[in-house]
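The values are calculated or read from the model by the stated rules, or taken from the named source; none is laboratory data. Quick caveat: nothing in here was measured; it's all calculated off a predicted structure. Reconstructed Cβ throughout: ideal geometry from the backbone, glycine too, with neighbour counts over all protein chains shown. Surface accessibility is based on the protein's heavy atoms, side chains included, excluding ligands, DNA and RNA. Shrake-Rupley method; radii C 1.70, N 1.55, O 1.52, S 1.80 Å.
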Amino acid sequence: MGSITKQQQQQGYVEPGCLERGDNMKGPLMNKENVHHHHHHHHGFRSAHNMSTTSLRKKSDLSLVSKLKWGFLRNFLANLQQVFLGTKLAILIPAIPLAIFAFYYHFGSAWVFALSLLGLIPLAERVSFLTEQIAYYTGPTVGGLLNATCGNATELIIALLALKQQKITVLKCSLVGSVLSNLLLVLGSSLFCGGLFNISKEQKFERKQADVNSVLLILGLLCLMLPMTFRYYAVASGIQAIQPTLQLSRVCSIVMLLAYVGFLFFQLKTHRQIFEAQEEVDDDNDDDVVSDEEPVIGFPSAIVWLLGMTVVIALLSEYVVGTIEAASEYWGVSVGFNSIILLPIVGNAAEHAGAVIFAFKNKLDITLGVSLGSATQVSMFVIPITVIVAWIMGIPMDLDFKLLETASLFVAVLVTAFTLQDGTSHYIKGLVLLLCYVAIGACFFVLKISPDQANGLNLGVNSSVKGVIEA
């Protein structure tokens, strides 16, 4: 402790080792005022996104680990315990090695697909945990940015891998499905359960946040509708449609990204108070919930863990994308259903559970922040990024998400925007959203057209229309 200067002592400086070892910071410096000071110093931007997953965490008991003699080993094991056992989803972690095993010993692609999906669930939750830990060290703005990008790390990685394997249909379906599941399933189930649970109270939420998100989603819809309607129009007029549609898609993607950058600036800089998660002091403080005040993992180790997790997520996503067709065939379900319904549910499972738990506690602001925030992120950030990356890679991916997908997305955004009009919520709103999701799910379940046939149909229509025009 001798190396610490007076100035650092006044600022409530903590030796990094103390935090990592979890030895309750019994150093001479840590008297009450300094503790307070220190928290104030590090208290990051609590976005709804990371609030949502805190509810799934439990405190790991560090007393076993701290008996070890060697500092480095003890640090390492304490970190291991925080990273792997700090979540109630730890039961699903064995699915990760099993998936890799199933892949190398050729158990059949249905097994690989199912196990990889299960393995992705805890990983998605851990990534948000680690970004939150990093946010304690970097300060609120960078932390918020990190949250915004890593919050949907699984979706982004799945999208990029599907691009790499040139499975454009799977990619488009999983992105649309991600927005749909956030808007209808996550929001619907949390409003429904929260409404039934708090049936006697009035459930209120901050309308400003919901409004900003709805407006952005509608702009995203416009950018998705334009290329699609443009293609139909061009085909009807007998113009060559493929190249102009691509160019239009790229322009629209840049527009969406500009809107998203503006939104981030708005959210993290100018109007932070709207988005800061409302923290109220609870009467029932559970011992299970991790105290949100100090980081449990050191900065360098958090970054190393984050990189490691990302690599594992990439591996599992590669398995998922590679085996989706074979698995769909094996189960007798269409690829569209698997990529619109199953993939997104898995990517959002941890957030989903968190959102529902906060709705039970009548904290709808956090619930909305999670579901609407994720939906906005996917539609305004992940979709345009994939188009631009595809452009760099020379793959012709456009924003023409086929009529059925775009229509369901359109209705989903409309219903959600109307649901959140008046700033209060009842269970009937949640029920309506859930039923919309069921209907859309049924539609894609029944739709047994394989992607190649769908493309063939479009071409058939094009040629017949051209024939008519020429005649």
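Inside the stretch 180-221, can you point out the residues that are touching a His at 6+ places or on another chain (Cβ under 6 Å) and not in a helix (DSSP H, G or I)?
None; the set is empty.
Does any residue of the stretch 74-85 turn out to be touching a strand residue (DSSP E or B) at 6+ places or on another chain (Cβ under 6 Å), surrounded by 15 or more Cβ atoms within 10 Å (Cβ to Cβ) and either aliphatic (A, V, I, L, M) or modelled with pLDDT of 70 or more (or both)?
no
Which of the residues that make up the stretch 415-431 are open to solvent by 70 Å² or more (accessible area, probe 1.4 Å) and of a type outside the set (D, E, K, R)?
PHE418, GLN421, HIS426, TYR427, ILE428
Filter the stretch 356-379 down to residues that are polar (S, T, N, Q) and under 20 Å from LEU434 (Cβ atoms) and give me whichever is farthest from the chain's Cα centre (by Cα).
That would be ASN362.
Please enumerate the residues belonging to the stretch 380-402 that are open to solvent by 10 Å² or more (accessible area, probe 1.4 Å) and acidic (Asp, Glu).
ASP398 - this is the single residue of the stretch 380-402 that is open to solvent by 10 Å² or more (accessible area, probe 1.4 Å) and acidic (Asp, Glu).
Do you know which residues across the stretch 134-169 are open to solvent by less than 10 Å² (accessible area, probe 1.4 Å) and either more than 16 Å from the chain's Cα centre (by Cα) or more than 29 Å from ALA302 (Cα to Cα) (or both)?
Selection gives ILE134, ALA135, ALA162, LEU163.
Please work out which one of (1) of a type in the set (Gly, Ala, Ser); (2) open to solvent by 10 Å² or more (accessible area, probe 1.4 Å); (3) closer than 22 Å to CYS150 by Cβ is the condition ALA326 fails and give its number.
Failed condition: (3).
Restrict the check to the stretch 364-379 and report whether at least one residue is open to solvent by 10 Å² or more (accessible area, probe 1.4 Å) and more than 26 Å from PHE265 (Cα to Cα).
No, the stretch 364-379 contains no residue that is open to solvent by 10 Å² or more (accessible area, probe 1.4 Å) and more than 26 Å from PHE265 (Cα to Cα).
Provide a single number: the residues in the stretch 297-343 that are of a type in the set (Val, Ile, Thr) and touching a Phe, Trp or Tyr at 6+ places or on another chain (Cβ under 9 Å).
Matching residues across the stretch 297-343 total 7.
When the residues of the stretch 227-254 are filtered to those that are open to solvent by 60 Å² or more (accessible area, probe 1.4 Å) and within 26 Å of the chain's Cα centre (by Cα), which remaining residue is farthest from ILE366 (Cα to Cα)?
Of everything passing the filter in the stretch 227-254, VAL251 is farthest from ILE366 (Cα to Cα).
Is it true that GLY177 is part of a helix (DSSP H, G or I) and under 20 Å from PHE263 (Cβ atoms)?
So GLY177 fails the test.
Any idea how many residues of the stretch 92-110 are part of a helix (DSSP H, G or I), aliphatic (A, V, I, L, M) and open to solvent by less than 40 Å² (accessible area, probe 1.4 Å)?
Count: 5.
Consider THR310 against the criteria (1) over 16 Å from the mean Cα position of the chain (by Cα); (2) of a type outside the set (A, V, I, L, M, F, W, C); (3) under 29 Å from LEU80 (Cβ atoms): it satisfies all of them except one. Which criterion is unmet?
Against the list (1) over 16 Å from the mean Cα position of the chain (by Cα); (2) of a type outside the set (A, V, I, L, M, F, W, C); (3) under 29 Å from LEU80 (Cβ atoms), THR310 comes up short only on (1).
If you check PRO384, PRO396, which single one turns out to be closer than 20 Å to ILE168 by Cβ and not in a helix (DSSP H, G or I)?
Answer to the check: PRO396.
Quick one: would you say ALA439 is without any contact (Cβ under 8 Å) to a residue 12 or more places away in the chain and either farther than 20 Å from GLN203 by Cβ or buried (at least 18 other Cβ atoms within 10 Å of the Cβ) (or both)?
Yes, satisfied.
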